[in-house]
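Have a look at the structure below before the remarks.
The values are calculated or read from the model by the stated rules, or taken from the named source; none is laboratory data. Note that the structure is a prediction, hence the values are computed from the model and not measured. Cβ sites come from the backbone with ideal geometry, for glycine too, and all protein chains shown count toward neighbours. With ligands, DNA and RNA removed, areas are computed over all heavy atoms of the protein, side chains included. Shrake-Rupley method; radii C 1.70, N 1.55, O 1.52, S 1.80 Å.
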Amino acid sequence: MTWIFLVILCLLFMTRTGQLQCVRETLNDKEFSITVTPTTIEVKSGDCFWIEYDFTFPMNKVTFPLRIWFQEDPQNKKTHIEQNKKVVNHEQSGTRHRVKMKSLPQGEYEFGFKLKWGCNQTYVFPKKVRIIVSALTQKPSVSIPPLLEGQKATLLCTAPSICSDITPKIYWKGIKDVLSMRGAPSRLILTFTPAADYHNANITCVAKFDSIRAETTVTLTVKFAPQILNSSQCMVDSRLLVFVCISWGNPLPLITWPLASLTDFSVTSSRSDQTVNSTVVMPTADYHNSSVRCISGNALGRADIEIPLHYYRGDLSVKYGLDSSPRSDAVHCWPITGVSLSVNVALLTALIVCTVKRGKSQEQRKELGEEMSPYASLNRADNDQNTYSNISPSQRQST
């Protein structure tokens with residue numbers, strides 16, 4: 001009895017210290033086989049997939065097997081990432097099975113199958129299954145109410161429904177000044193106060209399911225009252241005054257200048273996104289104040305600012321691509337120039353016509369003179385005779 005007790009104690013000690021060695025059986029590959037249909041499976045990221053198979057094994061050697069599907073590490077083929085395990089107390093060789101696999105990120109994978117039983121006895125089936133996973137098409141849904149500057153708003157993000165037993169981790173990117181966040185399974189509610197700077201800003205909702213990540217990015221639209229920017233300015237040189245007012249707002253604001261008492265000036269405007277740029281040009285001699293007032297307004301409010309005049313050391317007409325005189329003068333000069341040009345053309349035409357007519361008249365007179373010359377000589381002879389008939393006898397004698 002003492003000897004038996006010592007043997008049992010020794011076995012227990014060896015078991016606890018890992019010194020009890022298992023004897024591995026020599027296995028024959030011909031006794032193992034597996035059939036998988038199909039051998040290539042194509043799915044979308046986020047979708048679970050099924051593998052149907054049957055396998056054979058020597059039932060006299062494999063007892064109470066543990067069925068394991070594993071994913072091979074592409075960097076190290078010897079490393080297996082176990083994906084699905086199932087302990088079977090009674091396994092029949094050749095039985096058809098169907099196993100559900102969890103969703104995978106986009107990519108290509110190889111899966112294998114192995115049995116494990118007894119004292120760390122393992123057999124890996126050589127046939128592999130190829131899994132091709134395309135990109136995730138489902139995205140989180142984002143709900144955003146109309147946003148008004150300074151008023152609290154609530155944003156809702158709902159994770160997509162994918163094949164996963166994992167509760168997704170949801171979070172927002174691109175949001176500051178968060179007032180509160182509260183969540184429920186697959187949902188996250190965020191409360192914040194939008195500012196004008198958030199207009200046209202991008203925010204992203206991210207839902208992460210273990211190794212699968214899905215996100216949705218949206219652009220915020222915030223309505224806000226006008227703001228006149230610091231880049232607004234007024235410049236003056238010896239000949240020109242240039243007033244520039246730049247306003248930012250949503251809806252797009254309008255800019256007005258209180259210059260009702262003046263008439264000789266021009267105004268141009270341009271816009272980009274939610275910004276309006278208004279420029280006034282006038283002669284320096286027409287304006288005698290030290291500042292100018294710019295007014296900007298939209299449906300949400302109004303901004304009003306006095307912009308002081310600053311002397312510009314240079315030529316404003318060159319800086320702004322203008323003539324040295326105001327644009328209004330240039331506009332008035334065009335009709336005068338047009339009228340002058342028309343008058344000059346008319347006078348030139350009349351002169352040409354008169355010259356042509358005069359030339360023709362001289363030619364006609366010349367021809368007429370040639371035709372009348374015989375008659376002229378005859379008349380002159382008669383005249384000569386008459387002349388001599390009037391001479392006194394004494395004059396004749398002297399002749």
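Some notes on this structure:
- Of K102/K169; K30/K61; K102/K128; K100/K139; K44/K173, pairs whose Cα-Cα distance is over 19 Å: K100/K139; K44/K173
- Size of the range 139-225: Rg and Dmax of its alpha carbons, in Å, are 13.4, 48.
- A Förster radius of 51 Å combined with the Cβ-Cβ distance from N60 to E108 puts the calculated FRET efficiency at roughly 0.85.
- Here the range 224-329 exposes an accessible surface that is 50 percent carbon and sulfur, computed with a 1.4 Å probe and the other protein chains kept in place.
- Fully extending the segment from V99 to N120 would add 5.2 nm, taking 0.36 nm per residue of separation and subtracting the current Cα-Cα distance.
- Length added when fully stretched, S266-Y311, from 0.36 nm per residue minus Cα-Cα: 14.2 nm
- Taking 0.36 nm per residue of sequence separation and removing the Cα-Cα distance, the L252/Q138 pair yields an extension gain of 37.4 nm.
- Contact order for the range 120-202, expressed relative to its length and based on alpha carbon pairs under 8 Å spaced 6+ residues apart, stands at 28 percent.
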